[in-house]
Number of protein chains: 2
Amino acid sequence: MRPTVHDIAAAAGVSLATVDRVLNQRPGVRHVTREKVETAIRDLGYVRDVAAANLAKSRVYPLTFILPASDNSFMHGLNAEIRTAIARSVAERTDIRIVEVPAFDPQALVRELETLAAEKPSGVALVATDAPDVRSAVDRLVKDGIPVVTLVSDLTGSLRHHYAGVDNIAAGRTAARLLGRFLGGAKGEIAILAGSMLVRDHRERLEGFAAVMAQEFPALHLLSVLEGRDDPEVAHMLIADALGKNDGIIGIYSLGAGNRGLIRALKEKAADRSLTVIAHELTAHTRAALLDGTIDAILNQDAGHEVRSAIRVLKAKADGLSVIDAQERIRLDIFLKDNLP
Amino acid sequence: MRPTVHDIAAAAGVSLATVDRVLNQRPGVRHVTREKVETAIRDLGYVRDVAAANLAKSRVYPLTFILPASDNSFMHGLNAEIRTAIARSVAERTDIRIVEVPAFDPQALVRELETLAAEKPSGVALVATDAPDVRSAVDRLVKDGIPVVTLVSDLTGSLRHHYAGVDNIAAGRTAARLLGRFLGGAKGEIAILAGSMLVRDHRERLEGFAAVMAQEFPALHLLSVLEGRDDPEVAHMLIADALGKNDGIIGIYSLGAGNRGLIRALKEKAADRSLTVIAHELTAHTRAALLDGTIDAILNQDAGHEVRSAIRVLKAKADGLSVIDAQERIRLDIFLKDNLP
DNA sequence: CCAAATTTGATGTACGTAAATCAAAAAATG
DNA sequence: CATTTTTTGATTTACGTACATCAAATTTGG
């Protein structure tokens, strides 16, 4: 049988109240007594029954998710996954709130983080905008003892406890190798469609992509990046224009959102040409394009996993528990026509 | 505030004892009274606090994992993951036992399942051997009310509650497309190394592979399957022999275990040739081979995820709770050199 | 050494549910 | 209608922990 507080008290030769004081770091215990109890805890291998403790405390975990108010499929999906998690709140003792802040606006994000510092939730998950002010606002939260997880886009150099998202450099590298291998030894130009170079994850994808391309596929020449602002209309215009002007394009890497526009441009302009296309994020549009051959591979991050992982990690950190690292690693999904979920 | 049994009792105008009788389907409640209680439960949106219930019941979940006693990296890894889960038993209220049965021996598996039917554990996970007797033994367990999950290898047509493993047909199809695309339009022969055609997952991988190859890459000709019995020595011999005899081989699909032998053969015989190789299961050996370019892609199923998913599903089924399907879907991981974990 | 301060013990209640017991009420049976 | 059977209520204990209170013991300071 698993040891309880009673067993600890007996083993340490102290009362239940003292064990409680030690366990919950309440004052009024002499150093020697504290050590006796801690020894007993270690010897018996006691682990606090979190369920019973939460019951006694009537614990709920107020969690806040801060998202950019971006109007693209991926953010909509992320939002939907959080709402799905909210539907499970009762069973999971969570109380989740979604806060939207203007996209690409570090100051708005900082203000929100400062508001949160006062509310003292059990945890905060945020899609980070990469700016020094944001970093220090996050650090302040962490120093106040509030668990913080970055979601989808990381904030390296900050004190955030965890990042629930994919390795975007690896994603870019993978895209490059897939594209390079799919093109065999062909020689030609590669168009790159990004959302914005101001966003860290897009920059990182590009960085990884360019590195592998340069090193392993010198026959392929990268055109300068097209910034589609994750907007289907802009993406359509940029790609249609590029394809019209440049006959040498044999491959496209779309590393951001707004793929609806890309796909439309491909169907209009490249029906006769054989283009190899790698895109990010599995949506209804990219899925259809993968199936009909317009896109050759889709790299994806599972928003549902990211959200559930963020919640698990925040709860664990709030309780001072450890997490299963392998379980919380967000994997880069590679979808071909054949392994779609 | 979340409603409790007391609220239900008050709302239904009955006593706590009656609510308890209804909730735990104990006898001695008239039909009309039962309905009153059930209505109150629905109206108030009551959900039983599983943590509190488990506490009151001092519930533990005795779970049994039945594995084939196969001596290959994948099974060793699976075994290790289960032992890791056993280390978490205390916190998760599980009591996990591993039983090994001779591989490819349906009768041994059936005997074990019959033994288990008597022990009445909270759940059973098994790596299924595909045979009618196994199917009926599983069905009997299920009919006895014991949750059953197949692991890694499924048992279609049986009543098992869930399958924690990848879609092997999709895996084979994916391998075919990757290999076909990586080979560009080249013409040549493809060698296939399997463990045994008696195992369902290997048969399915081959089926998917052959289908896509025939339909989409007619320039590639599949040689007849080499059965390496998941044994590195046998695999080495078969591949070395095939490469020695046949100069037309330009690609290899290894859909089983025993890749250590394959890799050795490739290094000896094909240093000068340019072969494209797709293999299954990420191990120390295949990882090294991927990094040094001997293997071009690895398809993988994450044993840790499979084990944790099986446990979650078994616990949920034992409590009559629903699972999050998307969370329990085991994904096919595709690893290139660039996205290794 | 005495008073004050600190440390420890003893005890009770609470969290939400399970499970048991016994009494009381209601329904079914003859 | 009386009797048996079934249904319901009331109450208690338990699970493992948190937290509060008050008394008792011990240590510390002057």
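Being touching a helix residue (DSSP H, G or I) at 6+ places or on another chain (Cβ under 7 Å), among the charged types (D, E, K, R) and open to solvent by less than 20 Å² (accessible area, probe 1.4 Å) is the requirement here; does A:Asp144 meet it? Answer is no for this residue.
The residue list B:Ser58, B:Ser89 contains one member that is open to solvent by less than 30 Å² (accessible area, probe 1.4 Å), closer than 23 Å to A:Leu321 by Cβ and within 14 Å of chain A (Cβ to nearest Cβ), which is B:Ser89.
Counting only residues that are more than 8 Å from chain B (Cβ to nearest Cβ) and over 18 Å from B:Gly293 (Cα atoms), which one in the stretch A:169-182 is surrounded by the most Cβ atoms within 10 Å (Cβ to Cβ)? Among those residues, the one meeting the criterion is A:Gly172.
Take B:Glu119 and tell me if it is open to solvent by 60 Å² or more (accessible area, probe 1.4 Å), away from chain A (no Cβ under 14 Å) and at negative phi. Answer is yes for this residue. Within the stretch A:27-45, residues that are touching a residue at least 24 places away in the same chain (Cβ under 8 Å) sit with their Cβ atoms under 7 Å from residues that are in a helix (DSSP H, G or I) and within 12 Å of DNA strand D (Cβ to nearest atom), at 6+ positions apart or across chains, in these pairs: A:Val37/A:Ile8; A:Val37/A:Thr18; A:Val37/A:Val19; A:Val37/A:Val22; A:Ala40/A:Ile8; A:Ile41/A:Ile8; A:Leu44/A:Asp7; A:Leu44/A:Ile8.
Return a yes/no flag: does the stretch A:31-38 have any residue that is within 14 Å of chain B (Cβ to nearest Cβ) and either surrounded by 14 or more Cβ atoms within 10 Å (Cβ to Cβ) or in contact with a His (Cβ under 6 Å, 6 or more places away or on another chain) (or both). Checking the stretch A:31-38: not a single residue is within 14 Å of chain B (Cβ to nearest Cβ) and either surrounded by 14 or more Cβ atoms within 10 Å (Cβ to Cβ) or in contact with a His (Cβ under 6 Å, 6 or more places away or on another chain) (or both).
Within the stretch A:1-20, residues that are farther than 19 Å from B:Val90 by Cβ reach partners that are more than 7 Å from DNA strand C (Cβ to nearest atom) and open to solvent by 60 Å² or more (accessible area, probe 1.4 Å) with beta carbons closer than 6 Å, at six or more positions or on different chains, in the pairs A:Ala12/A:Lys36.
Yes/no matrix, rows are residues, columns are (1) buried (at least 16 other Cβ atoms within 10 Å of the Cβ); (2) not polar (S, T, N, Q):
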position	(1), (2)
B:Arg42	no, yes
B:Asp49	yes, yes
B:Asn54	yes, no
B:Met75	yes, yes
B:Ala80	no, yes
B:Ile96	yes, yes
B:Pro106	yes, yes
B:Arg111	no, yes
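Of all residues in the stretch A:319-341, those satisfying the criterion of being open to solvent by less than 20 Å² (accessible area, probe 1.4 Å), at the interface with chain B (Cβ under 7 Å from one of its Cβ atoms) and not in a loop (DSSP other than H, G, I, E, B) are A:Asp333, A:Ile334.
Screening B:Asn24 against (1) open to solvent by 20 Å² or more (accessible area, probe 1.4 Å); (2) modelled with pLDDT of 95 or more leaves a single unmet condition, (2). For A:Arg200, the conditions (1) open to solvent by 40 Å² or more (accessible area, probe 1.4 Å); (2) within 14 Å of chain B (Cβ to nearest Cβ) all hold with the exception of (2).
Residues in the stretch A:61-73 that are modelled with pLDDT of 95 or more and open to solvent by 20 Å² or more (accessible area, probe 1.4 Å): A:Pro62 alone.
For the stretch B:144-168, filtering for residues that are out of contact with any strand residue (DSSP E or B) (no Cβ under 9 Å at 6 or more places or on another chain) and within 10 Å of chain A (Cβ to nearest Cβ) leaves 1.
The values are calculated or read from the model by the stated rules, or taken from the named source; none is laboratory data. Since we're looking at a predicted model, the values are computed, not measured. Note that we place each Cβ from the backbone using ideal geometry, even for glycine, and neighbour counts take in every protein chain shown. Only protein heavy atoms, including side chains, enter the accessible area calculation; ligands, DNA and RNA are left aside. Shrake-Rupley method; radii C 1.70, N 1.55, O 1.52, S 1.80 Å.
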